[in-house]
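Following: one structure in structure tokens, then a few remarks.
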Amino acid sequence: MSQEGTILAIRCLAAWACFWQSVELLALRREYSEIWIWPVLQTDMKDFPRWSQRLFQTLFEPHLFTAILAARLIASVALPLVNWPWVVLFLLLSTALIAVRWRGSFNGGSDFMTVVVLSALTVAAFFEDRTIRLGCLWYIAIQTTLSYFIAGTVKIGKPSWRSGAALDHIIRNSIYGAPSWWRKLSPKLVSIASSLVLSFELLFPVALLSPSLCLIFLAAAAQFHLMNFWFLGLNRFVWAWLAAYPAVVYCSLRL
């Protein structure tokens, strides 16, 4: 697995993630019209320098912001096809702009992971040095590993997660409703399911130690995100994290 091939795989998967993020935002812009207005954000930015307030007011004008999203859609299509550093830089900056527009993020951790991947791709695009690019891949791999490990360490400290009550509550209270088969599970099986989630997250750093273990953990991680999509509707998480997986594989091979 070459360094260039790994970066190209990440570019392709990141492009797919950004494409659907842009489609989603464009499709939802009318439904969130009351949030997409400058006066709401202006109160958050009252301590910003005046020049930056004027800049954001211009960028967040509905028609211009829609045009930026449309340009982001085009950049997503171009990312795997052309090796222009400015394309990935635009995707990174527009992702940050979207985060500001939504007063933090539109979809939580998936937006953070998108920024992680695009940041590394931006550096790799502007610098062709192999050592720098290796650092970019390690940055993605470490951030991906920590995303699971830290989530596990937070959960393991809570009795509700150790007993399975937290997992059961999340799934039963999903806006999509819990599947009928989940409602039939005994408390013991729910507890086992919660233990599997905790074990997977806490042990994920092991994935970097062996290519074979890496593939097993990444398969489990992909299944984990697909289940989150099914149960909770977290569609963005699937592609945001998949875009980072080639870096994890590459770094496990290096070790």
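Among the residues in the range 205-217, are any modelled with pLDDT under 90, in a helix (DSSP H, G or I) and not hydrophobic (A, V, I, L, M, F, W, C)?
Checked the range 205-217: no residue is modelled with pLDDT under 90, in a helix (DSSP H, G or I) and not hydrophobic (A, V, I, L, M, F, W, C).
Tell me the residue from TRP230, TRP239 that is within 21 Å of ALA120 (Cα to Cα), assigned to a helix (DSSP H, G or I) and of a type outside the set (Asp, Glu), please.
Values: TRP230 fails: within 21 Å of ALA120 (Cα to Cα).
Result: TRP239 is the single residue among TRP230, TRP239 that is within 21 Å of ALA120 (Cα to Cα), assigned to a helix (DSSP H, G or I) and of a type outside the set (Asp, Glu).
Sort through LEU73, LEU89, LEU81 and tell me the only one that's closer than 30 Å to VAL249 by Cα, outside any helix (DSSP H, G or I) and of a type outside the set (S, T, N, Q).
Details: LEU73 fails: outside any helix (DSSP H, G or I); LEU89 fails: outside any helix (DSSP H, G or I).
None of the other options fit; the residue is LEU81.
Within the range 171-226, track down each residue that is in contact (Cβ under 8 Å) with a residue 60 or more places away in the chain and either acidic (Asp, Glu) or touching a Leu at 6+ places or on another chain (Cβ under 7 Å) (or both).
Step one: list which residues in the range 171-226 are in contact (Cβ under 8 Å) with a residue 60 or more places away in the chain, which gives 171, 205, 207-208, 221.
Within the range 171-226, ALA207, LEU208 meet the criteria.
What single numbered condition from (1) surrounded by fewer than 20 Cβ atoms within 10 Å (Cβ to Cβ); (2) at pLDDT below 90; (3) under 30 Å from TRP86 (Cβ atoms) fails to hold for LEU146?
Every listed condition holds for LEU146 apart from (2).
Looking only at the range 116-161, which residues are hydroxyl-bearing (Ser, Thr, Tyr) and within 17 Å of the chain's Cα centre (by Cα)?
Restricting attention to the range 116-161, the residues satisfying the condition of being hydroxyl-bearing (Ser, Thr, Tyr) are 119, 122, 131, 139, 144-145, 147-148, 153, 160.
Selection gives SER119, THR122, TYR139, THR144, THR145, SER147, TYR148.
The values are calculated or read from the model by the stated rules, or taken from the named source; none is laboratory data. All of these numbers come straight from a predicted model, not from anything done at the bench. Cβ coordinates were reconstructed from backbone atoms using ideal geometry, including for glycine residues, and neighbour counts include every protein chain displayed.
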